[in-house]
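S.K.: Below: one structure in structure tokens.
The values are calculated or read from the model by the stated rules, or taken from the named source; none is laboratory data. In this text the structure is predicted, and so the values were computed from the model without any measurement. Here the Cβ is made from the backbone with ideal geometry for all residues, glycine too, and neighbour counts use every protein chain on show.
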Amino acid sequence: MTNNPRVLKAFKATRALGIPDRLVKPVLKNLLAVYDKNWELIEEDNYRTLVDAYFESQDNKGEEDRREVDMGQGGSERPTKKLHLANDEDHGESEIPSRMVSRQASMESSEPCLRDGRAGSSSQIPLKQSRDEGKNPTSSALSRGNHKKDFLIPKTEESTNCVPVSAQPAPMRRPGGNSVTSLASSEVGTSGRDALHVSGPSKGPCRIEHSQAHLNGMGSSCLITREGKKPIKSLDDISKSTEKVKISLADEIGNESLPKFNYIPDNIVYQHANVNISLARISDEDCCIGCSGDCLSSEFPCACAQETCGDFVYTKQGLLKEDFLTACMREPDKQIFFYCQDCPHERLKNEYMPEKCKGHHIRKFIKECWRKCGCDLWCGNRIVQRGISCKLQVFLTPEGKGWGVRTLEVLQKGTFVCEYVGEILTNTELYERNTHSSGAERHTYPVTLDADWGSERVLRDEDALCLDATFHGNVARFINHRCCDANLIDIPVQVETPDRHYYHLAFFTTRTVSDFEELTWDYGIDFDDLEHPIEAFQCNCGSVACRGKRQKGRKVR
């Protein structure tokens, strides 16, 4: 049995919790018999079924040992074992300190049919600390309060159909597939892959603590605070490993459902958007075929710097240059606007008698090197293409604004944080999507790609594009709005195509941002525009220059 690679992986997972292979082996045999050798059910949630079954077997064994001791030896002391039932009063001071993990074997919604109707007695099962006594010990201890129902390890002769179909974990769809991943929530945390479930009625105090190394490996979990007893929901990486760095999620308040959306690292056309990406459309004058290595290290700027007055906008440290950032942060009264003769926005509102265009902000572009250029991926003029490198976390804001994004490290002024990623829609598609919306969905605010609309007299619908991250998007969908003094600014970036109907929208810091500070950007909302495709929310940004203070009766953000 031990030669089976799946068995070895199971042993490896339980060894991380300090459980010897010889104790796991009989439990694993029983589960294979019960599940008819269906390894998927055992491997699900990082071998949670196997771990739960092991601890339940130790609970049952401990109860039998206690009854034998009470009947035969009275109160005499039993021999010490590496894994044993301990009384806090007898062994609390002599045992090596260990972290306590409180768990209950199953969720109420998926209880196995073999149950013990008796109320279990309070017990503790400490796991002896491993020899590796570092900051992140690999072993932990388990503490449980009284509960009414306990999972019993089925015997091999029992029926293999004892677990109802509804209780069996559904097969997971891999991130690489075409399915939409829903980060669903349960009453106490997450109900997805790599989740640590805590449920069931408990009479005693319940808390979960664990080393950071274990939390990072679990993927998603539900932590219970000792004082407030509110669940702390967390996910190890909402990006499904599609980003270079993990993007975690934490709900320290414990009263918000986890967001339901599909994480994508790159923009993708929804249906009719005209996004034509081809090397043939990039002329030799618009790229640097003759460059090699890092364009920033060359004596003279290459052709890709022509857009920004013949100079690169990035420093060798990967930051935006001060003068370019200052120009992009121009005061609102100094901004330049273009007014369409036939505005696509107004045309959607009233096709026959459209109102006058309210104006589109003419903005500075960054042009990065791309596939036709001779430089490599680590060229200093490819910052946005290389993706997210900052340590970011989605968190539940205490001000009632819902989910937000914060940085877990100090960010210098001019640092690239992320780009806004979503579905590429036409204006008509966005309008129809919002018109047919049931109202139950919580929409993110769409981004109109209108930075270069002034270069054309009339725009076709398939060329008037926007980004919508409601159903498919990246971490930027969680960044909250702040009027005027936000710590992020969105800047258009030309990468794949000289046609600026489509471009990337990148976020850079406008100042030094402290660690654990929330990241915000100005959506550019006209709170007085009651006919916008997305209803404006009640602004709760807290800025002294807030434009939405007079708006009442709207959703808070």
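S.K.: Just for strands (runs of 3 or more DSSP E) wholly inside the range 428-520: which have at least 3 residues that are β-branched (Val, Ile, Thr)?
M.R.: Qualifying strands (runs of 3 or more DSSP E): 488-494.
S.K.: Tell me, yes or no, whether the range 436-443 has at least one residue that is modelled with pLDDT under 90 and surrounded by 15 or more Cβ atoms within 10 Å (Cβ to Cβ).
M.R.: Yes, some residue in the range 436-443 is modelled with pLDDT under 90 and surrounded by 15 or more Cβ atoms within 10 Å (Cβ to Cβ).
S.K.: Next question, about the same structure. From the list Tyr339, Tyr352, which one is more than 29 Å from Trp521 (Cβ to Cβ) and at pLDDT below 90?
M.R.: Tyr352
S.K.: If we keep just the residues of the range 252-284 that are among the acidic types (Asp, Glu) and in a loop (DSSP other than H, G, I, E, B), which is surrounded by the most Cβ atoms within 10 Å (Cβ to Cβ)?
M.R.: Among those residues, the one meeting the criterion is Glu252.
S.K.: Now a separate question. Residue check, Gly414 against (1) surrounded by fewer than 21 Cβ atoms within 10 Å (Cβ to Cβ); (2) in a loop (DSSP other than H, G, I, E, B); (3) not charged (D, E, K, R), all met but one. Which one?
M.R.: (1)
S.K.: Look at Glu496 and say whether it is crowded, with 19+ Cβ neighbours inside 10 Å and modelled with pLDDT under 95.
M.R.: Against the criterion (crowded, with 19+ Cβ neighbours inside 10 Å and modelled with pLDDT under 95), Glu496 qualifies.
S.K.: Could you say which residue among Arg382, Arg433, Arg406 is over 30 Å from Thr308 (Cβ atoms), in contact with an Asp or Glu (Cβ under 6 Å, 6 or more places away or on another chain) and charged (D, E, K, R)?
M.R.: Arg406
S.K.: Okay, next question. Which residues, counting only those in the range 300-358, are in contact (Cβ under 8 Å) with a residue 12 or more places away in the chain, basic (Lys, Arg) and surrounded by fewer than 11 Cβ atoms within 10 Å (Cβ to Cβ)?
M.R.: Of everything in the range 300-358, those that are in contact (Cβ under 8 Å) with a residue 12 or more places away in the chain, basic (Lys, Arg) and surrounded by fewer than 11 Cβ atoms within 10 Å (Cβ to Cβ) turn out to be Lys316, Lys356.
S.K.: Continuing with the same structure: Give all pairs with beta carbons closer than 7 Å in which a residue from the range 359-387 that is without any contact (Cβ under 8 Å) to a residue 60 or more places away in the chain meets a residue that is surrounded by 15 or more Cβ atoms within 10 Å (Cβ to Cβ) and of a type in the set (Asp, Glu); count only pairs at least 6 apart in sequence or on separate chains.
M.R.: Every condition considered, the pairs that remain are Arg382/Glu368.
S.K.: Just a yes or no: is a residue in the range 372-381 over 19 Å from the mean Cα position of the chain (by Cα), farther than 26 Å from Thr520 by Cα, of a type outside the set (Gly, Ala, Ser) and not in a loop (DSSP other than H, G, I, E, B)?
M.R.: No, every residue in the range 372-381 fails to be over 19 Å from the mean Cα position of the chain (by Cα), farther than 26 Å from Thr520 by Cα, of a type outside the set (Gly, Ala, Ser) and not in a loop (DSSP other than H, G, I, E, B).
S.K.: Okay, moving on. Is it true that Glu44 is surrounded by fewer than 13 Cβ atoms within 10 Å (Cβ to Cβ) and within 24 Å of Asp236 (Cα to Cα)?
M.R.: No, not satisfied.
S.K.: Could you please find all residues in the range 312-344 being closer than 30 Å to Leu377 by Cβ, among the aromatic types (Phe, Trp, Tyr) and in a loop (DSSP other than H, G, I, E, B)?
M.R.: Selection gives Phe312 alone.
S.K.: Would you confirm, using the coordinates I've provided, whether Cys291 is assigned by the TED database to the domain that holds Trp453, crowded, with 16+ Cβ neighbours inside 10 Å and assigned to a loop (DSSP other than H, G, I, E, B)?
M.R.: So Cys291 fails the test.
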